[in-house]
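Shown next, in structure tokens, is the structure this report addresses.
The values are calculated or read from the model by the stated rules, or taken from the named source; none is laboratory data. Everything numeric in this text was worked out from a predicted model, so none of it was measured. Using ideal geometry, Cβ is built from the backbone for each residue, glycine included, and neighbour counts are taken over all protein chains shown.
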Amino acid sequence: MKENDIKNLVRPVVRSLRPYDAKEIPCKIKLDANESPFGFKGDIFRALKFLKTNRYPDPEAKELKIAIGRRYGISSENILVGNGSDELIYYIITTFGGPVLHPIPTFSMYGIIAQALGEKVIAIPLDRGFDIDLEKTLNAVEKEKPRLIFLSSPNNPTGNCFSAERIMKIIDASKGIVVVDEAYQPFSSEQGFLPLLRNYRNLVIMRTLSKIGLAALRVGFVIADAAIINEVNKVRLPFNVNSLSQAIAVAALKEKKQLSVFIKTIISERERLFSEMAEMNSITPYPSEANFILFKIKNPDDMYQALLRRDVLVRNLNDGIKGCLRVTVGTRQENSVFLKALRELS
Ligand code: PMP
């Protein structure tokens, strides 16, 4: 079989897809993927002593749901756990189908997964302040009747929270499901949408442990009305969260003090990064409620390469958001190296 024959066998919607850009680029200071610079200390691996390698994981992730429920004040019937929230985006779109509406720029997996599943995607540009364009969104809601709307707040890669009032208006107007993806909520000064869950049956909240020091585990979760959880659960693969991840995540969620220090440190470092970047003449950083900062610069491609030569890896977004790079908040020392390089190179 020739390579072209294989291409011709692929479903047309997949043929035209571009894979998610997540390559390992070897580098000392890794500030490209919105991970936490802090791993857990102490014996969060103790639970692995009891792990039976010959047995499948708990298919319902019962203990993990209890641990998540305890942390967020919700009950297990309102939680579904995934192999990262990426997997849950897949399940949600598989369950409800499209059209799928999302603002742009935003986290690219909503569009990639919708397209892979053959669903129509409606991408509405954000306004100049990176907030939701309410008029255009409400028009599209009325005209296209999206079955799903994905709103990342704080938004990746712009870093801001969308106006809560605008999100509320969209939830009110939508006859479909609205997923508020709160992957970066731990770093935000706003309270988020969890307290509103009880009032809105079409509201789904998505969270992840990836940004708070556990990216290696691949654990994300959805919080929603039990009726929604039960439907999405029908398309879940039987053993989607492995035993190691379940056990370590349960132990890590008990480490409240460490978690809170990680988050506080990241927020204060983000503020330091922002104010030092704002003082540089040729750089415009955008205010962030997340663990990263988007910034505009004259020659983003050159700067990206120059930083890389100094062993500092950031994300080049120049393709999607003209002139922009994104830097993840690292440790104090990593941030200082980044700032020094940026100052010297700009
Ligand atoms: N949502 C948003 C907004 C993200 O930025 C990311 C990670 N980049 C994810 C979800 C995926 O997170 P996870 O690691 O849980 O799959």
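Summary of values
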read-out	value
Within the stretch 124-162, tally of residues that are in a loop (DSSP other than H, G, I, E, B) and more than 13 Å from the ligand (Cβ to nearest atom)	11
Any hit, the stretch 78-92, residues being away from the ligand (no atom under 16 Å from the Cβ) and surrounded by 18 or more Cβ atoms within 10 Å (Cβ to Cβ)	yes
Members of the stretch 100-120 that are crowded, with 19+ Cβ neighbours inside 10 Å, outside any helix (DSSP H, G or I) and more than 10 Å from the ligand (Cβ to nearest atom)	100, 101, 102, 103, 105, 119
Selection count where residues are part of a loop (DSSP other than H, G, I, E, B) and either near the ligand (Cβ under 9 Å from one of its atoms) or touching a Phe, Trp or Tyr at 6+ places or on another chain (Cβ under 8 Å) (or both), scope the stretch 179-225	8
Every residue from the stretch 300-346 that is at pLDDT 95 or above, of a type in the set (Ser, Thr, Tyr) and in contact with a helix residue (DSSP H, G or I) (Cβ under 8 Å, 6 or more places away or on another chain)	331
Filtered residue count, the stretch 192-233, keeping only those that are surrounded by fewer than 16 Cβ atoms within 10 Å (Cβ to Cβ) and free of Cβ contacts under 8 Å to residues at least 60 places away in the same chain	7
Residue within the stretch 247-263 that is more than 13 Å from the ligand (Cβ to nearest atom), under 22 Å from residue 90 (Cβ atoms) and surrounded by 21 or more Cβ atoms within 10 Å (Cβ to Cβ) present	no
Filtered residue count, the stretch 38-59, keeping only those that are among the acidic types (Asp, Glu) and surrounded by 15 or more Cβ atoms within 10 Å (Cβ to Cβ)	1
Qualifying residue in the stretch 120-131 (condition: within 23 Å of residue 16 (Cα to Cα) and more than 20 Å from the chain's Cα centre (by Cα))	yes
